[in-house]
Amino acid sequence: MGVYIDLQLVVWNDDGSSAIVKRITTSSGQVGASTEYILVGVRDEPVITSFHSTLDVDDTGEHVDDTACIQAVDRLTRVLAQRHFSGVVLHRDRCKTATREVLTVTPAQSAIASASIQPLGADPEETIASRSGALILLFSGENGDSSKPAHCQVLVPTKTGLVTREDVRSIGRP
């Protein structure tokens, strides 16, 4: 039994100093899944937002109620404006749907995120992403169910080299 965490770059802000990473958590000992959007940046603390969670031992029902979902949309909308994200749309009305696909990204911004991901060295399993060099995301590792990537290191360049700011896998987890 294990916890499986899949990570994916969703979008960069306009200057590349912040990004949103999608974290989907499943478990062999539980049913359902949890989807979180984690906003990471060069200077600011991470912001974790969840619109959907059915991860539970026995109950596959939605654990994020409509009100909490709408509050999360409003909070994330404010933070995205503060950090200068464009091309990201949050849909409050989708909090009342089963799929909870609340966050959407324009094709242009999605293409920028996809183009920023490059292989790192000879290992095809490791990729690195950066829009401007201000913030670097290193995706690596494999879950016990062979899904990838399992880790995302948030790196910030300094005068003496790269400093790990956090690991998206463990942000907000005990």
For this session: Could you identify the single residue in V89, V64, V73, V163 that is in a helix (DSSP H, G or I), free of Cβ contacts under 8 Å to residues at least 40 places away in the same chain, in contact with a strand residue (DSSP E or B) (Cβ under 6 Å, 6 or more places away or on another chain) and among the aliphatic types (A, V, I, L, M)?
Result: V73
Exercise. Take the residues of region 102-113 that are free of Cβ contacts under 8 Å to residues at least 40 places away in the same chain and within 17 Å of the chain's Cα centre (by Cα): which is surrounded by the most Cβ atoms within 10 Å (Cβ to Cβ)?
Worked result: T104
For this session: May I ask you to say which residue of D93, D44, D59 is over 16 Å from R131 (Cα atoms) and modelled with pLDDT of 90 or more?
Result: D93
Problem set entry | Selected residue (only one of T26, T49 is modelled with pLDDT under 90, within 23 Å of E126 (Cα to Cα) and part of a strand (DSSP E or B)) | T26
Problem set entry | Selection count where residues are over 15 Å from the mean Cα position of the chain (by Cα) and either closer than 18 Å to Q8 by Cα or in a helix (DSSP H, G or I) (or both), scope region 76-86 | 4
Exercise. Regarding H151, is this residue modelled with pLDDT under 95, within 14 Å of the chain's Cα centre (by Cα), under 25 Å from D44 (Cα atoms) and not polar (S, T, N, Q)?
Worked result: yes
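The values are calculated or read from the model by the stated rules, or taken from the named source; none is laboratory data. Everything numeric here is computed off the predicted structure, so don't read it as measured data. Cβ: placed from backbone, ideal geometry, glycine included. Neighbour counts: every protein chain shown.
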